[in-house]
Amino acid sequence: MKWNRTVAGWLLVGVLALLPVAALAGPQEAKKFEGKVGGKDVSISYLLALPADYESQPDRKWPVVYFLHGAGERGDDLNLVKRHGPPRMIEKGHRFDAIVVSPQCPKDQWWDIATLKALADDIDANYRVDLSRVYLTGLSMGGFGSFAWAGDQPWRFAAVAPICGGADEKAMQAMAKRQMPLWIFHGDADQRVSPDKSKQAYAWYVDAGGKNGKLTLYPGVGHDSWTKTYADPQLWVWMFQQQRPKNVRPPKKK
């Protein structure tokens, strides 16, 4: 049989059906969170996809995957968020065995971590969330956002997979202290976001004592390293295997 992209695609569908992703069509609902952060009114639109068995298993708690898009998907049209990553996979017919939350950053803005934290609190309060299995991934601007959010709330996530982003040293130290399971991805030919940013983030993590991280650099791949990443079944195997340790808890409110 001649090997081609069509054959590879069908094999991927077969593999994903054995993982926490099932080949079942399912809608993504357009939602909007509105609340207050520090006395300020905030709002953010997002796509929500529930597992196929969410309603039929009312006593079960579910993992959550947060996906942060890149700069090109900002705005007020949630269809833009479906261009890449988990929302695209869902539109193509896959159904995650998890709650998938894909917020949209407003036009000409950057990811606001305080708003994302408030959104996550709202999801925790209104859906049956397995708090030990909350995951975060994002690409480009969303890769930067993933590093920033995980560094700000390292207790919240069981694993983080930033793609073609970058971080500051303080965030990486916080993740290392928590021994956050971390898998960083970047194309080594990226001309938009230098792969040096991912290399530096990983170096800071390791230098601070982090032992659960890894860095994948794709030879000859440019800025679009997310297509290859999200199509790799090993990412999802790794991610859904991770669980937040029982001794990792939110800090006590002052």
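What's the total number of residues in region 43-67 that are open to solvent by less than 20 Å² (accessible area, probe 1.4 Å) and touching a residue at least 60 places away in the same chain (Cβ under 8 Å)?
Residues in region 43-67 being open to solvent by less than 20 Å² (accessible area, probe 1.4 Å) and touching a residue at least 60 places away in the same chain (Cβ under 8 Å): 9 in total.
Look through region 120-152, keep the residues that are part of a helix (DSSP H, G or I) and among the polar types (S, T, N, Q), and return whichever of them is surrounded by the most Cβ atoms within 10 Å (Cβ to Cβ).
Ser146
Test Gln173 against the stated conditions and say whether it is in a loop (DSSP other than H, G, I, E, B), at pLDDT 95 or above and open to solvent by 50 Å² or more (accessible area, probe 1.4 Å).
So Gln173 does not fit the description; no.
Quick one: is Arg88 modelled with pLDDT of 95 or more and part of a helix (DSSP H, G or I)?
yes
Name the pairs: first residue in region 68-85 and on the phi > 0 side of the Ramachandran plot, second residue buried (at least 20 other Cβ atoms within 10 Å of the Cβ) and among the aromatic types (Phe, Trp, Tyr), Cβ to Cβ under 8 Å, at least 6 apart or on different chains?
Every condition considered, the pairs that remain are Gly85/Phe67; Gly85/Trp226; Gly85/Tyr230.
Any chance region 195-217 includes a residue that's open to solvent by 50 Å² or more (accessible area, probe 1.4 Å), under 12 Å from the mean Cα position of the chain (by Cα) and within 25 Å of Asp232 (Cα to Cα)?
no
For region 66-85, name all the residues that are out of contact with any helix residue (DSSP H, G or I) (no Cβ under 6 Å at 6 or more places or on another chain) and either assigned to a strand (DSSP E or B) or acidic (Asp, Glu) (or both).
Tyr66, Asp76, Asp77
Could you tell me which residue of region 1-58 is modelled with the highest pLDDT, considering only residues that are under 20 Å from the mean Cα position of the chain (by Cα) and of a type in the set (Val, Ile, Thr)?
Applying the filter and picking the extreme gives Ile44.
The values are calculated or read from the model by the stated rules, or taken from the named source; none is laboratory data. All of these numbers come straight from a predicted model, not from anything done at the bench. Note: ideal-geometry Cβ built from the backbone for every residue, glycine included; neighbour counts use all protein chains shown. Areas reflect the complete protein model, heavy atoms only, side chains present, ligands, DNA and RNA absent. Shrake-Rupley method; radii C 1.70, N 1.55, O 1.52, S 1.80 Å.
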